Amino acid sequence: MLRFLGAHFEELLGSVLLAVMATIAFINVIVRYCTSFSFAWTEEMTVNFFVWVVLLGTARAFRTGGHLGMTLFYDALPRPARRACQWIGIAVCVIFFGALAYAGALEVLDEISLDVTSESLGIPVWWYTIATPLFSLLVIFRMLQRSLGDLRADPREGRC
């Protein structure tokens, strides 16, 4: 079970979050059209869970090598230049997601110190925003995991 969760953590959590988002949005639509009442908390949850799903999808894409890439120029380069491009790309992504994790951690710390609560549910906002630094670190981990796996598979050829 732990092996499955380790290999498919992003898919499992993302699927659960998408199911929750679809369910609460559907229930809200039905209630809104059948009555004059609407659940205000559904928008809060779906927007925040959407951010979680995007970051989980990014981590999955890096883990499987399924991220968008334009390889026209990359494929035309000689092998040493391709390897340099791969490591430059990894470095830029690590810097970006590292900065996102740092900024997200600062936001979480501010929300905790200011005791900010959400408007519709009244729960601490950092419960939602803690996903940004944590999942940014997951993206970095999956990116490095995939890159090292690619280098082990064919040490002469590094692929983004």
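The values are calculated or read from the model by the stated rules, or taken from the named source; none is laboratory data. Since this is a predicted model, take the numbers as computed values, not measurements. Because the Cβ atoms are built from the backbone with ideal geometry, glycine has one as well, and the counts that use them run over all protein chains shown. The protein model used for the area step is the full one, side chains on, heavy atoms only, and it has no ligands, DNA or RNA in it. Shrake-Rupley method; radii C 1.70, N 1.55, O 1.52, S 1.80 Å.
Between the helical axis of 79-114 and the longest alpha-carbon principal axis of the chain there is an angle of about 30 degrees.
For the chain, averaging the sequence separation of C-alpha pairs within contact (under 8 Å, six or more residues apart) and dividing by the residue count gives a relative contact order of 28 percent. For Rg/Rh (Cα atoms, Kirkwood Rh), which listed value, (i) 1.09; (ii) 0.92; (iii) 1.03, comes from the coordinates shown? It is the one labelled (i). Surface composition of the range 78-147: carbon and sulfur atoms hold 73% of the protein heavy-atom accessible area at a 1.4 Å probe. Computed over neighbours whose Cβ is under 14 Å from that of THR58, the net charge equals +2, Lys and Arg +1, Asp and Glu -1. Qualifying chymotrypsin sites (Phe, Trp or Tyr not before Pro) in the range 5-72, where qualification requires a DSSP coil assignment and no more than 11 other C-beta atoms within 10 Å, comprise PHE37.
Relative to the longest principal axis of the Cα atoms of the chain, the long axis of helix 41-64 makes an angle of roughly 10 degrees. Remark: the range 27-160 carries 63 Å² of accessible area per residue (probe radius 1.4 Å; ligands, DNA and RNA excluded).
Each Lys and Arg Cβ is given +1 and each Asp and Glu Cβ -1; about its Cα centre, the range 23-126 then shows a dipole of about 840 debye. Spatially, the range 89-140 and the range 30-55 are offset by 21 Å when compared through their Cα centroids. Taking every DSSP helix (H) stretch of at least 4 residues in the chain, weighting each as -39,500 (n - 2.57) and dividing the sum by the residue count yields a mean residue ellipticity at 222 nm of -27000 deg cm²/dmol.
Projecting the Cα atoms of THR42, ALA76, TYR128 onto the charge dipole of the range 27-132 (Cβ charges, centred on the Cα centre) puts ALA76 farthest toward the positive pole.
Taking amide H atoms as placed 1.01 Å from N in the peptide plane, the amide H of THR117 lies under 5 Å from those of VAL125, each 5 or more residues away in sequence or on another chain.
For the chain, the longest principal axis of the C-alpha atoms and the axis of helix 131-153 are separated by about 20°.
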